[in-house]
Amino acid sequence: MNSFLRDRTVTRRNLLKGGMGLGAFALLGLAGCSNEGRGGGAPAGNSSVVLPTYIPYDGVPMDIKGTGGVPDTMLRYPADPKKVTEGQPGDGKDIGVFGLTNTPVPPSVENNAYWQELHERLGFALTIALTPAGDFTDRFQTTVAGDQLPDLFEMFPGEVPGLPGLLSERATDLTELLSGDAVRKYPFLANIPTESWQSCVYGGKIFAVPVPRGPAQSMVMYARQDFFEAEGIDPQVTSFEEFHALCTDLSGGNTWALGRVPLGFLRQMYEIPNGWSEQGGELTSANLHERQQEALEAGRRLVADGLVHPDGVPATQPQRKTWLVNGTVRLLDDTFSAWPDFSNYPIDDQFRLSVVQPPLADGGGMAGIHLGAPIQNITAISSKSAGRAEALLDVLNYLAAPFGSEEHLFRTYGIEGVHHELDGTDPVLTEKGSTEIQLGLKYIVEGPWVNFQAGDPDVAQAEHDAQAAVVPTAVRNPVQGLFSDTASRRGSQLGEKLASVESDILAGRQPVTAWADAAEAWAKGGGDKIRDEYEEALAAREG
């Protein structure tokens with residue numbers, strides 16, 4: 001390690017949803033999009049329904065075709081994007097949307113050139129009731145209780161109590177319109193991978209369309225690669241002790257190695273499962289894993305040794321990302337989808353990121369990262385709008401137009417010369433574009449994730465390289481796409497108790513041994529019932 005570094009002076013609600021704890025020190029980091037990863041725990045796709053036929057769209061050749069679960073990558077935006085739809089979508093009637101946002105609310109339609117142009121292209125008015133992501137679940141339940149759901153409504157399926165009943169009562173059954181080859185009528189919905197559709201099915205009926213994300217939602221450890229190269233340090237380590245030594249060398253004065261305790265990263269080192277483990281149809285919660293206390297002890301040491309920013313707990317993830325940008329911290333865990341978001345920060349030309357792979361804690365190889373949820377959220381059609389279902393699916397198909405199409409270019413970057421300028425063929429948002437286009441359209445529906453960074457192909461290449469190194473061996477959560485009623489109704493309450501103990505351990509207020517009793521209480525208080533419900537759903541899915 002570089003001796004120069006050693007001497008230099010330099011709330012969001014915590015949810016477990018029946019799985020891993022998200023303690024205050026750990027906060028597994030939903031950044032860029034603060035709700036990334038909340039798509040899990042959706043209804044089970046079961047053997048009585050034929051999921052939509054998967055028909056990948058190949059009209060825009062990718063610079064790097066993803067394999068082994070890695071998303072496609074585009075280094076430069078295609079020149080002269082072609083229109084891939086005909087005419088205006090829908091039936092010409094206005095549409096209301098209950099949606100979410102992670103950005104400041106954009107100017108109203110009267111003062112928003114993007115929104116006005118969107119209406120012109122659609123041929124009708126799209127009214128979007130935007131709700132901040134942190135308030136979304138509560139606002140959604142209030143809207144349901146008041147019977148105020150509009151034509152299209154988004155939801156995080158794992159956070160909706162009694163979801164199957166709600167879908168049956170309030171959403172339109174889309175099975176006949178989307179099942180099997182019927183989806184061919186909507187080619188850009190058919191472009192959504194099969195795995196994502198499992199999160200839209202319950203009781204043999206398709207009730208929604210998914211917003212796919214796949215590996216982009218996986219949590220990874222970012223490193224300031226430009227800094228490490230300048231100092232001649234390799235951030236890739238081979239054990240927890242090496243990681244601790246690296247963090248020690250990076251900390252001192254007004255600099256800390258870590259923006260928060262990367263508990264997910266540590267749990268990967270100790271080979272703790274991704275939420276649940278499965279063997280022969282039987283599930284075991286990761287909360288009960290034998291190495292939990294070792295991972296928590298590792299996190300406690302990082303805090304006690306002053307290697308974590310002291311304000312890491314109350315800080316928001318955007319604040320932590322600012323610390324990484326300005327050099328206050330050198331390492332930060334976040335999702336793959338957050339990588340392009342760093343371009344919105346005041347970075348210089350030297351700023352570069354890399355991903356640190358988690359080593360096995362005791363050495364001897366690398367651990368698998370935890371694969372993110374296959375969906376971000378789902379969008380349903382109100383049962384009150386069932387008579388317009390085909391027209392509304394036509395609009396969703398239009399909004400899901402693939403990367404590299406003319407429709408995608410406008411939806412994502414707006415009008416050239418107003419909302420974006422071209423850097424070669426790459427659309428780079430203007431200040432006006434950064435505010436006006438934030439209508440949350442990407443949470444209504446979207447095609448598969450594509451790695452791309454306007455104006456900086458090196459970022460897209462680096463993201464692809466990092467994903468190629470870790471995604472093929474990533475550890476899946478076996479309950480993804482399954483539904484537990486107990487988890488949806490009581491998962492937060494059960495999880496908050498466990499998370500409180502976790503936070504106390506990391507802060508040194510309770511011994512590491514307190515975890516075992518807390519985990520046992522979680523299991524007896526409802527965790528075992530969650531397991532039983534997931535096992536039943538798993539058996540139904542496997543037929």
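Of all the residues that make up the stretch 80-98, how many are more than 20 Å from Pro187 (Cα to Cα) and at pLDDT 95 or above?
Residues in the stretch 80-98 being more than 20 Å from Pro187 (Cα to Cα) and at pLDDT 95 or above: 7 in total.
For the stretch 420-449, name all the residues that are closer than 27 Å to Thr194 by Cβ and either open to solvent by 30 Å² or more (accessible area, probe 1.4 Å) or among the aromatic types (Phe, Trp, Tyr) (or both).
Scanning the stretch 420-449 gives Lys442, Tyr443, Glu446, Pro448, Trp449.
Restricting to the stretch 120-134, name every residue that is open to solvent by 40 Å² or more (accessible area, probe 1.4 Å), closer than 21 Å to Leu396 by Cβ and in a helix (DSSP H, G or I).
Glu120, Arg121
Between residues in the stretch 329-352 that are in a helix (DSSP H, G or I) and residues that are among the charged types (D, E, K, R), which pairs lie under 6 Å by C-beta distance while being six or more apart or on different chains?
Ser337/Glu36; Trp339/Glu463
Looking only at the stretch 89-114, count every residue that is among the aromatic types (Phe, Trp, Tyr) and either out of contact with any strand residue (DSSP E or B) (no Cβ under 9 Å at 6 or more places or on another chain) or surrounded by fewer than 20 Cβ atoms within 10 Å (Cβ to Cβ) (or both) and tell me the total.
1
Considering each of Thr85, Thr67, Thr137 in turn, give the residue that is open to solvent by less than 30 Å² (accessible area, probe 1.4 Å), out of contact with any strand residue (DSSP E or B) (no Cβ under 6 Å at 6 or more places or on another chain) and more than 22 Å from Gly414 (Cα to Cα).
Thr137
Taking Leu100 as the residue in question, decide whether it is of a type outside the set (Gly, Ala, Ser), at negative phi and assigned to a strand (DSSP E or B).
yes
Please go through the stretch 287-322 and pick out each residue that is under 24 Å from Ala216 (Cβ atoms) and open to solvent by 40 Å² or more (accessible area, probe 1.4 Å).
Thr316, Pro318, Gln319, Thr322
Which one of Gly414, Gly495 is in contact with a Leu (Cβ under 6 Å, 6 or more places away or on another chain), crowded, with 21+ Cβ neighbours inside 10 Å and not charged (D, E, K, R)?
Exactly one of Gly414, Gly495 is in contact with a Leu (Cβ under 6 Å, 6 or more places away or on another chain), crowded, with 21+ Cβ neighbours inside 10 Å and not charged (D, E, K, R), namely Gly495.
Hey, does the stretch 153-163 have a residue that's within 30 Å of His419 (Cα to Cα), open to solvent by 10 Å² or more (accessible area, probe 1.4 Å) and modelled with pLDDT of 95 or more?
Looking through the stretch 153-163, none of the residues is within 30 Å of His419 (Cα to Cα), open to solvent by 10 Å² or more (accessible area, probe 1.4 Å) and modelled with pLDDT of 95 or more.
Please enumerate the residues belonging to the stretch 426-485 that are within 29 Å of Glu533 (Cβ to Cβ), within 16 Å of the chain's Cα centre (by Cα) and in a helix (DSSP H, G or I).
Tyr443
From the set of residues in the stretch 141-156 that are in a helix (DSSP H, G or I) and of a type in the set (A, V, I, L, M, F, W, C), which is farthest from the chain's Cα centre (by Cα)?
Looking at the filtered set, the residue picked out is Ala145.
Condition first: touching a helix residue (DSSP H, G or I) at 6+ places or on another chain (Cβ under 9 Å), open to solvent by less than 20 Å² (accessible area, probe 1.4 Å), modelled with pLDDT of 90 or more and among the polar types (S, T, N, Q). Can you find one or more residues in the stretch 324-332 that meet it?
No, because not a single residue in the stretch 324-332 is touching a helix residue (DSSP H, G or I) at 6+ places or on another chain (Cβ under 9 Å), open to solvent by less than 20 Å² (accessible area, probe 1.4 Å), modelled with pLDDT of 90 or more and among the polar types (S, T, N, Q).
If Ala487 meets every condition in (1) open to solvent by 10 Å² or more (accessible area, probe 1.4 Å); (2) farther than 30 Å from Ser354 by Cβ apart from one, which number is that one?
(1)
Can you pull out the residues in the stretch 178-197 that are surrounded by fewer than 21 Cβ atoms within 10 Å (Cβ to Cβ) and closer than 18 Å to Ala216 by Cβ?
Passing the criteria: Pro193, Thr194, Glu195.
For the stretch 526-543: of the residues being among the small types (Gly, Ala, Ser) and open to solvent by less than 30 Å² (accessible area, probe 1.4 Å), which is nearest to Leu263 (Cα to Cα)?
Taking the candidates together, the pick is Gly527.
Inspect the stretch 410-419 for any residue being β-branched (Val, Ile, Thr), touching a helix residue (DSSP H, G or I) at 6+ places or on another chain (Cβ under 9 Å), in a helix (DSSP H, G or I) and more than 23 Å from Pro346 (Cβ to Cβ) and give the result as yes or no.
No: zero hits.
Mind checking which residues of the stretch 437-496 are hydroxyl-bearing (Ser, Thr, Tyr) and closer than 29 Å to Glu542 by Cβ?
Thr473, Ser484, Thr486, Ser488, Ser492
Can you tell me which residues in the stretch 167-225 are hydroxyl-bearing (Ser, Thr, Tyr) and either on the phi > 0 side of the Ramachandran plot or touching a His at 6+ places or on another chain (Cβ under 9 Å) (or both)?
Ser218
Need at least 2 residues that are crowded, with 21+ Cβ neighbours inside 10 Å and at pLDDT 95 or above per element, so show me which helices (runs of 4 or more DSSP H) inside the stretch 213-279 make the cut, counting only ones lying wholly within it.
It comes to 240-250, 263-269.
From the list Glu159, Glu195, Glu169, which residue is over 21 Å from the mean Cα position of the chain (by Cα) and among the acidic types (Asp, Glu)?
Glu169
Could you tell me which residue of the stretch 333-353 is modelled with the highest pLDDT, considering only residues that are open to solvent by 20 Å² or more (accessible area, probe 1.4 Å) and polar (S, T, N, Q)?
Only one residue tops the list, namely Gln350.
Does the stretch 408-417 include one or more residues that are out of contact with any strand residue (DSSP E or B) (no Cβ under 7 Å at 6 or more places or on another chain) and of a type in the set (A, V, I, L, M)?
yes
The values are calculated or read from the model by the stated rules, or taken from the named source; none is laboratory data. What you see is a predicted model, and the numbers here were worked out from it, not measured in a lab. Note: ideal-geometry Cβ built from the backbone for every residue, glycine included; neighbour counts use all protein chains shown. Just the protein is used for accessible areas: all its heavy atoms, side chains included, with ligands, DNA and RNA removed. Shrake-Rupley method; radii C 1.70, N 1.55, O 1.52, S 1.80 Å.
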